[in-house]
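A short reminder: the numbers here are calculations on the coordinates, not readings from a lab. Because the structure is predicted, anything quoted here is derived from the model rather than measured. Here Cβ is always computed from backbone atoms with ideal geometry, including for glycine, and neighbour counts include all displayed protein chains.
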Amino acid sequence: MEQIPPFWRTEVWHPLSVHFPIVLLVVATLAYIVSLFLKRERQDFWYQMAKILLIGGVAAAWIGIYTGDMADGIVSRKICDPTVLKDHENSAYTSSIIFSIALGLQIVLDLKWWEKLKKIGKLAVVVLLVVGSGYLMYAGHLGATVVYQQGGGVYHPSGDCREFE
């Protein structure tokens with residue numbers, strides 16, 4: 001029986017896609033916080049950078065959710081404790097929803113007729129970004145647990161490694 005090339009294994013697509021949102025969303029959070037402490041000229045640059053990173057990160061997070069759903073059926077049959085996988089999934093959903101709400105709030109705050117609520121709105125966005133980052137880190141920790149402690153998504157070669165000859 002011929003082996004499927006490693007790239008075409010569905011459970012491999014998830015780790016390929018989840019690293020983008022991790023980086024984009026954490027850097028977006030840091031850039032947004034930095035923008036709050038700068039003078040007007042530099043603040044706009046950091047704010048716009050944070051917003052672009054947040055847009056890309058939210059889109060990538062939902063792609064990560066999609067590929068995670070594809071891998072779930074395969075990985076859940078290989079691991080010893082499926083509750084870790086479920087907690088990973090729930091944390092990823094929670095962080096994606098929180099970052100999506102933060103992005104939506106930020107878009108609303110950019111509208112001119114919300115000027116009076118801008119300060120409290122920016123504070124709310126910061127809180128959402130920090131909480132979302134916390135859930136994101138927890139989801140990443142659980143994902144690493146699924147892969148490295150539970151063996152999910154890891155290819156286990158035969159004893160004689162014949163498939164590599």
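Magnitude of the charge dipole for the stretch 8-154, about its Cα centre and with charges confined to Cβ atoms of Lys, Arg (+1) and Asp, Glu (-1), is about 580 debye.
Calculated from DSSP H runs of 4 or more alone, at -39500 (n - 2.57) each and per residue, what is the 222 nm mean residue ellipticity of the chain, nearest 500?
On the way: 4 runs with 118 residues, N = 165.
The per-residue figure over the chain is -26000 deg cm²/dmol.
For a protection proxy built on the mean count of beta-carbon atoms within 10 angstrom, sort 49-55, 73-79, 143-149 highest first, please.
Values: 49-55: 19.0, 73-79: 15.1, 143-149: 17.0.
Final packing ranking: 49-55, 143-149, 73-79.
Count Lys and Arg as plus one, Asp and Glu as minus one, and take only other residues whose Cβ is under 14 Å from that of S95; the net charge is then -2. Taking the chain as the region of interest, the number of lysine pairs whose Cα atoms are within less than 22 Å, with members eight or more places apart or on different chains, is 13. Identify, among V34, T83, T10, the residue whose Cα sits farthest towards the positive end of the charge dipole of the stretch 8-154, taking +1 on the Cβ of Lys and Arg and -1 on the Cβ of Asp and Glu, with the dipole about the Cα centre. Value computed over the given set: V34.
What ratio of Cα Rg to 2.2 N^0.38 Å holds for the stretch 49-94? Walk me through the numbers before you get to the answer.
Working: Rg = 13.2 Å, N = 46, 2.2 N^0.38 = 9.4 Å.
Its radius of gyration relative to the 2.2 N^0.38 Å reference: 1.40.
Counting other Cβ atoms within 10 Å as a rough exposure proxy, the listed residues F20, F37 run F37, F20 from fewest neighbours to most.
Helix screen, the chain: DSSP H segments with Cα axial length of 20 Å or more and mean Kyte-Doolittle hydropathy at least 1.0 are 10-36, 118-144.
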